[in-house]
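Input: a single structure, listed below in structure tokens.
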Amino acid sequence: MLTQNRKFIAPLFLLILLLLTACGEKEKNSSPTTVQDTKEAEAKTVQTTNGEVVIPTSPQRIVAEEYIASLLVLDVKPVGAPGLALENYYLKNALKDVEEIGDYGKPSIEKIIALKPDLIITGNGENYDALSKIAPTVVIPFGELKDAHEELTYFGELLGKEQEAKDWLTQYDQKIADAKAQVDAIIPKDASFSIMEDAGKTYYAYGDNFGRGGQPVYQALGRKPPAKVADEMMEKQWAEISEEVLADYAGDYIILTSDDRTVEDFKKDPIWGSLPAVKNDHLYVWPEERSWYYDPTAVLAQVEELTNWLTNKK
């Protein structure tokens, strides 16, 4: 009887030992894989101007030198931004508790370090070496993202907010379409538009991606510069002009940035007052506080402002 039990117990013991060993190996092999998978899920590699950069999939503490409006649209609030951005006419209320990091292009490295960012976003690559030592840094050079669609789509993908970007752009497109329809119903489609700035002793004209109203007028409302200078303006994006050639750059409608002079001042000026746009009350003067910005939020507000003017709404 004892002999028979031994014959039964020995194989059973061996089977249990094999099962325990297998389970141990499985646990030993699976644990590192699980940890590794978790780490990989928390970060991703993105292609940038400076090559591949590993960033958090859901960054919590972003320092942004630029593109701040797009972050806010996607419900992502930076912990730090330049003083100029914090003064943005269209964003300053939403950025009241964001820390100032210094001047744009010359941020305080000490202030950024103190904020302990997990991601830095900038349009200026000159400080990349210093910034990238603090946290993963993504540089998107000025002018690389041409309009609201490119900007929101890019940041939606970068921050894992693709659906939020699509939803916002759908609303954006509808608002722009409504504004364009109102303007097109009143202003002839072949009427030319000029985007200009009064810089005191000289003047500037701008294209469709340099602020001052170019984005809302040329991109959103689909208007065109005077034919004689259209190619120059859209390719170079800006031109310094003197009063002698002012008429060549002046369209049927002029959107002009000036902090010191009013529409009445320009009407009294012998050169400006001779331009058809000024004679016909087709001159709109606004301060740089509102005209300089060209982020998606600013563009929407500017489209509404200029549409109200063009359609004589108060």
**Asked** Mind checking which of D231, D269, D281 has the largest fluctuation in a GNM of the chain, springs on alpha carbons under 10 Å?
**Response** D269
**In sequence order, calculated HN-Hα J values of region 301-310 (Karplus, 6.51, -1.76, 1.60; Hz; x Gly/Pro)** = 5, 5, 4, 5, 4, 6, 5, 4, 5, 5
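Diagonalise the Cα gyration tensor of region 161-214 and give the resulting equivalent ellipsoid semi-axes, square root of 5 times each eigenvalue, largest first, whole Å. Mind showing how you got there, number by number?
On the way: eigenvalues 169, 75, 10 Å².
Over the Cα atoms of region 161-214, the ellipsoid semi-axes are 29, 19, 7 Å.
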**Request:** Give the label of the value calculated from the structure for mean projected area of the Cα convex hull in nm², choosing from (i) 16.1; (ii) 24.8; (iii) 18.8.
**Result:** (ii)
**Request:** Report the charge-dipole magnitude of region 207-314 in Debye, nearest 20, computed about the Cα centre from +1 at each Lys and Arg Cβ and -1 at each Asp and Glu Cβ.
**Result:** 460
**Message:** Restricting to Cα pairs below 8 Å that are 6+ residues apart, what does the relative contact order work out to for the chain? Please round to a whole percent.
**Reply:** 14
**Request:** Provide the solvent-accessible area of S132, counting protein heavy atoms only and rolling a 1.4 Å probe, rounded to the nearest 10 Å².
**Result:** 50
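Could you work out the helix-only [θ] at 222 nm for the chain, with each DSSP H run of four or more residues adding -39,500 (n - 2.57) and the total divided by the number of residues, to the nearest 500 deg cm²/dmol?
Values: 13 runs with 136 residues, N = 314.
So the helix-based figure for the chain works out to -13000 deg cm²/dmol.
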**Asked** So what J values fall out for region 90-96 if you push phi through Karplus, 6.51 cos²θ - 1.76 cosθ + 1.60 with θ = phi - 60°, rounded to Hz, Gly and Pro as x?
**Response** 8, 10, 4, 5, 6, 10, 4
**Message:** Nearest 10 degrees is fine. How inclined is helix 2-41 to the longest principal axis of the chain, computing both from alpha carbons?
**Reply:** 10
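Need one number: % antiparallel among DSSP beta bridges in the chain, to the nearest 5.
Working: 15 of 34 bridges.
The antiparallel proportion sits near 45 percent.
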**Prompt:** Viscosity 1.567 mPa s, temperature 4 °C: Stokes-Einstein D of region 160-314 from its Kirkwood Cα radius, in µm² per second?
**Reply:** 81
**Request:** Rounding to the nearest 20 debye, state how big the charge dipole of the chain is about its Cα centre with +1 on each Lys and Arg Cβ and -1 on each Asp and Glu Cβ.
**Result:** 1460
**Complete:** Rounded to the nearest 10 Å², the 1.4 Å probe accessible area of I176 is 20
**Asked** By the scheme Lys and Arg +1, Asp and Glu -1, what is the net charge of all other residues having a beta-carbon under 10 Å from that of I195?
**Response** 0
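If you roll a 1.4 Å probe over region 172-314 with all protein chains in place, what percent of the accessible area is carbon or sulfur? Show your work: numbers first, answer last.
Numbers: 3400 of 6890 Å².
Of all accessible area on region 172-314, carbon and sulfur atoms account for 49 percent.
Tell me, what is the per residue accessible area of the chain in Å², probe radius 1.4 Å? Numbers along the way, then the final one.
Working: 17290 Å² over 314 residues.
On a per-residue basis, 55 Å².
What order do V245, V183 take when sorted by accessible area (1.4 Å probe), most exposed first? Please report the intermediate quantities before stating the final value.
Values: V245 55, V183 0 Å².
The residues order as V245, V183, largest area first.
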**Message:** Relative contact order for region 76-130: what percent, with Cα pairs under 8 Å and sequence separation of 6 or more?
**Reply:** 33
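State whether region 69-146 is rounded, prolate or oblate according to the following rule on the C-alpha gyration tensor (a ≥ b ≥ c being the square roots of its eigenvalues): a/c under 1.5 gives rounded; otherwise a/b larger than b/c gives prolate, and the remaining case gives oblate. Write down the numbers at each step before the final one.
Details: a/c = 1.56, a/b = 1.21, b/c = 1.29.
The shape class here is oblate.
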**Asked** Tell me, what ³J(HN,Hα) does each residue in region 113-119 have, in order and in whole Hz, if you take phi through Karplus 6.51 cos²θ - 1.76 cosθ + 1.60 with θ = phi - 60° and put x for Gly and Pro?
**Response** 4, 4, 7, 6, x, 9, 7
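The values are calculated or read from the model by the stated rules, or taken from the named source; none is laboratory data. All figures in this text were calculated on a predicted structure; none of them were measured in a lab. Reconstructed Cβ throughout: ideal geometry from the backbone, glycine too, with neighbour counts over all protein chains shown. The area values use the complete protein model at the heavy-atom level, side chains included, leaving out ligands, DNA and RNA. Shrake-Rupley method; radii C 1.70, N 1.55, O 1.52, S 1.80 Å.
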